[in-house]
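What follows is a set of notes on a single structure, which appears directly below.
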Amino acid sequence: MKYVILIHSNPDPWGHPTSAYTAEGRAIPKERHEEMDRQFEALLTELSASGEFVTAEALGDPASSTIYAWSPEGSFATDGPYAEAKEQLAGFFLIDCQSRERAEEIAAQFAGPGSTVELRPAMWSGGEDQ
C-alpha cells in the first residue's frame with residue numbers, strides 16, 4: 001500500500017532541507033546536522049534498496065503559489081499561500097510499504113527540527129483502500 005509522508009515546516013528564509021532554515025534547526029550544532037544528514041541519507045538508501053521509495057519532491061516557497069478556486073461565475077485565482085498558517089507544506093515522499101506499521105516506522109524518521117510529519121494512505125483507482 002502506498003503512503004504519502006507530508007512534511008510541514010516554516011523555514012525562514014524558505015529553503016531545503018528545511019531543518020537548515022528553521023529556528024530549531026539553526027540552533028543545532030553543525031556536527032549534529034552532519035550526523036542527521038548521514039542518517040537521513042542512509043534511510044533513503046535503505047528505502048531505495050528495498051523498493052519502498054517511490055518518489056519525492058521539495059516544494060517551493062508558499063508565497064510563490066497561486067490559488068485557484070471555483071465560484072458559480074467561474075474559476076478565479078488569488079495569491080498564495082493557501083492557508084494563513086505558520087507551517088506550510090514543504091515537501092512530500094511517496095512510499096510503498098507492506099503495512100501501515102512499516103509506514104509509521106519510516107515516517108517517524110522524517111520528523112526534524114522545526115518540522116512535523118503527516119502520514120496518509122494514498123488512494124488511487126483500483127487500490128486496496130477503494
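The values are calculated or read from the model by the stated rules, or taken from the named source; none is laboratory data. Predicted, not measured: the structure shown is a model, and the values here were computed from it. Note that we place each Cβ from the backbone using ideal geometry, even for glycine, and neighbour counts take in every protein chain shown. What goes into the accessible areas is simple: the full protein's heavy atoms, side chains included, and nothing from ligands, DNA or RNA. Shrake-Rupley method; radii C 1.70, N 1.55, O 1.52, S 1.80 Å.
Summary table
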item	result
Residue among Thr55, Thr78 that is farther than 29 Å from Ser125 by Cα and in a strand (DSSP E or B)	Thr78
Residues of segment 112-127 classified as open to solvent by less than 60 Å² (accessible area, probe 1.4 Å) and in a loop (DSSP other than H, G, I, E, B), total	5
Condition met for Ile7 (assigned to a loop (DSSP other than H, G, I, E, B) and in contact (Cβ under 8 Å) with a residue 60 or more places away in the chain)	no
Any hit, segment 65-75, residues being under 19 Å from the mean Cα position of the chain (by Cα), part of a strand (DSSP E or B) and modelled with pLDDT of 90 or more	no
Subset of segment 26-41 (residues that are over 30 Å from Met1 (Cα atoms) and without any contact (Cβ under 8 Å) to a residue 24 or more places away in the chain)	Arg26, Pro29, Lys30, Glu31, Arg32, His33, Glu34, Glu35
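Per-residue answers, yes or no, for (1) without any contact (Cβ under 8 Å) to a residue 24 or more places away in the chain; (2) more than 21 Å from Met123 (Cβ to Cβ); (3) open to solvent by 30 Å² or more (accessible area, probe 1.4 Å); (4) not in a helix (DSSP H, G or I):
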{"residue": "Ser19", "(1), (2), (3), (4)": "no, yes, no, no"}
{"residue": "Glu24", "(1), (2), (3), (4)": "no, yes, yes, no"}
{"residue": "Leu43", "(1), (2), (3), (4)": "no, yes, no, no"}
{"residue": "Ala63", "(1), (2), (3), (4)": "no, yes, yes, no"}
{"residue": "Ala85", "(1), (2), (3), (4)": "yes, yes, yes, yes"}
{"residue": "Phe92", "(1), (2), (3), (4)": "no, no, yes, yes"}
{"residue": "Ala107", "(1), (2), (3), (4)": "no, no, no, no"}
